[in-house]
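The values are calculated or read from the model by the stated rules, or taken from the named source; none is laboratory data. Bear in mind that the values here come from a model prediction, so they are computed numbers and not experimental data. All Cβ positions, even for glycine, are placed from backbone atoms using ideal geometry, and neighbour counts span all protein chains on display. Please note that ligands, DNA and RNA were not included when accessible areas were found on the heavy atoms of the full protein model with its side chains. Shrake-Rupley method; radii C 1.70, N 1.55, O 1.52, S 1.80 Å.
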Amino acid sequence: MQCFVVLAGHRHFGRAAEALHTTQPSLSRQIRRLEQQLGARLLDRSTRGTRLSEAGEVFLPPGRRAAAVGGPGHGPRPRRRADP
């Protein structure tokens, strides 16, 4: 999810990959996998650059919220209180 949000902000796979500390091919695979899971193309890719598709425009706001909150396995785990 975060990879899509960062890519949407940069509109460029190379710059987004750099910001995410990953490689462009890895980022491309992650985006392709997300698109397959959602059953929708999120980005329009061309030689002139990358832009959000109509589905990407719709998906971006909830994607930002999900990336900010994180999902299972993202971010630090809450501390457990010690038993008295």
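Taking the criterion of being more than 12 Å from the chain's Cα centre (by Cα), at pLDDT 85 or above and surrounded by fewer than 15 Cβ atoms within 10 Å (Cβ to Cβ), the residues of the stretch 52-71 that qualify are Glu54, Glu57, Val58. Counting only residues that are open to solvent by 80 Å² or more (accessible area, probe 1.4 Å) and either out of contact with any Ser or Thr (no Cβ under 7 Å at 6 or more places or on another chain) or more than 25 Å from Val69 (Cβ to Cβ) (or both), the stretch 2-22 holds 4 of them. Suppose the filter is touching a residue at least 40 places away in the same chain (Cβ under 8 Å) and of a type in the set (Gly, Ala, Ser); does Ala19 pass it? For Ala19, the condition - touching a residue at least 40 places away in the same chain (Cβ under 8 Å) and of a type in the set (Gly, Ala, Ser) - is not met.
When the stretch 23-53 is filtered for residues that are of a type in the set (S, T, N, Q) and closer than 20 Å to Arg64 by Cβ, the ones remaining, listed by number, are Gln30, Gln37, Thr50, Ser53.
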